[in-house]
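Below: the structure, in structure tokens.
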Amino acid sequence: MRLFVAVRLPAVIRQTLHGLHGGIQGARWVEKDNLHLTLRFIGEANSGQLRDIDSELSEIDFHPFDLVLSGLGTFERRQRVHMLWAGFDTSPSLTDLRDRVEAAVMRAGFGPDGRKFKAHVTMARFRHGTRPDIGMYLQANNILATGIFRVDEFALYRSHLNHGGAKYEPLFTYAAGPSNC
């Protein structure tokens, strides 16, 4: 089974992002219910590894914190845009949670992620690279800013890949402890 750890975005945030779909030819837009903030992609795991991951993630102690979604950008591969994303304002609490998740997954027997963490929500993917309309889309929509939302849990997800796209199934949810505020 294919696994990842993520924060599910509130419905109002997912709706705001979904409202930005369109305007880029050839974009494969992420379905509204699949919009999330990935903390760690794990990949393939068996049922024994799933139990180990769940056990380690269950030990993470964190307090609720606030996030703000702000701005759009792209990731490139070989000088071709392959992904459109919405980013987050800098958050030490988010970075700390991500580091704790990374350590837990490594304790469960998986190697380090190896990629620098960039807090983002994938909005669209592109098969054929850069399109001239991406720049226009970014100029028109880069003032994106949502209200503050509270992160008080994260989840371990299973990704089901099929012809219609991926479906994400939360397997376990991990709640924050009491807030210091």
### Message
Restricting to the stretch 34-59, give me the number of residues that are in contact with a strand residue (DSSP E or B) (Cβ under 9 Å, 6 or more places away or on another chain), of a type in the set (Asp, Glu) and either surrounded by 13 or more Cβ atoms within 10 Å (Cβ to Cβ) or in contact (Cβ under 8 Å) with a residue 60 or more places away in the chain (or both).
### Response
1
### Message
Exactly one of these conditions fails for ASP133: (1) surrounded by 16 or more Cβ atoms within 10 Å (Cβ to Cβ); (2) farther than 24 Å from VAL7 by Cβ. Give me its number.
### Response
(1)
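Step by step: first the residues of the stretch 97-135, then only those that are under 28 Å from PHE149 (Cβ atoms) and among the β-branched types (Val, Ile, Thr), then the one that is nearest to the chain's Cα centre (by Cα). Which residue is that? Write out each step before concluding.
Restricting attention to the stretch 97-135, the residues satisfying the condition of being under 28 Å from PHE149 (Cβ atoms) are 97-105, 113, 115-126, 134.
With among the β-branched types (Val, Ile, Thr) added as a condition, the list becomes 101, 105, 121-122, 134.
On the way: VAL101: 13, VAL105: 16, VAL121: 5, THR122: 7, ILE134: 21 Å.
Here the residue is VAL121.
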### Summary
Taking first residues from the stretch 109-126 that are without any contact (Cβ under 8 Å) to a residue 24 or more places away in the chain and more than 30 Å from GLN15 (Cβ to Cβ) and second residues anywhere that are exposed (fewer than 15 other Cβ atoms within 10 Å of the Cβ) and not basic (Lys, Arg), the pairs with Cβ under 9 Å that are 6 or more apart or on different chains are PRO112/MET106
### Task
Would you mind stating whether PHE41 is closer than 25 Å to HIS160 by Cα and of a type in the set (Phe, Trp, Tyr)?
yes
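Here are GLY111, GLY73, GLY43, GLY48: which of them is closer than 25 Å to GLY135 by Cβ, small (Gly, Ala, Ser) and out of contact with any Cys (no Cβ under 8 Å at 6 or more places or on another chain)?
Only one candidate passes the filter, namely GLY73.
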### Query
Looking only at residues in the stretch 145-160 that are more than 20 Å from ALA124 (Cα to Cα) and assigned to a loop (DSSP other than H, G, I, E, B), which one is nearest to the chain's Cα centre (by Cα)?
ASP152
### Message
Looking at the stretch 1-19 only, could you name the residues that are surrounded by fewer than 18 Cβ atoms within 10 Å (Cβ to Cβ) and either in a helix (DSSP H, G or I) or touching a helix residue (DSSP H, G or I) at 6+ places or on another chain (Cβ under 8 Å) (or both)?
### Response
MET1, ALA11, VAL12, GLN15, HIS18
### Matching option when the condition is over 30 Å from ARG51 (Cβ atoms) and touching a helix residue (DSSP H, G or I) at 6+ places or on another chain (Cβ under 8 Å), among PHE149, PHE117, PHE154, PHE172
PHE149
### Message
What's the number of the only condition in (1) among the basic types (Lys, Arg); (2) part of a loop (DSSP other than H, G, I, E, B); (3) at pLDDT 90 or above that ARG115 fails to meet?
### Response
(3)
### Task
Please verify whether the stretch 79-98 includes one or more residues that are at pLDDT below 85 and of a type outside the set (S, T, N, Q).
yes
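So, in the stretch 68-96, of the ones that are among the aliphatic types (A, V, I, L, M) and in a strand (DSSP E or B), which residue ends up farthest from the chain's Cα centre (by Cα)? Lay out the reasoning, then the answer.
Initial filter on the stretch 68-96 (among the aliphatic types (A, V, I, L, M)): 68-69, 72, 81, 83-84, 86, 94.
Restricting the remaining residues to those that are in a strand (DSSP E or B) gives 69, 72, 81, 83-84, 86.
On the way: LEU69: 12, LEU72: 14, VAL81: 18, MET83: 13, LEU84: 12, ALA86: 10 Å.
If we take residues in the stretch 68-96 being among the aliphatic types (A, V, I, L, M) and in a strand (DSSP E or B), then VAL81 is farthest from the chain's Cα centre (by Cα).
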### Filter result for PHE62 (touching a strand residue (DSSP E or B) at 6+ places or on another chain (Cβ under 6 Å), closer than 24 Å to PRO178 by Cα and touching a residue at least 24 places away in the same chain (Cβ under 8 Å))
no
### Query
How many of the residues in the stretch 161-180 are part of a strand (DSSP E or B), closer than 19 Å to ARG14 by Cβ and without any contact (Cβ under 8 Å) to a residue 60 or more places away in the chain?
2
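The values are calculated or read from the model by the stated rules, or taken from the named source; none is laboratory data. Computed from a predicted structure; not experimentally measured. Positions of Cβ are generated from backbone atoms using ideal geometry, with glycine treated the same way; all protein chains shown enter the neighbour counts.
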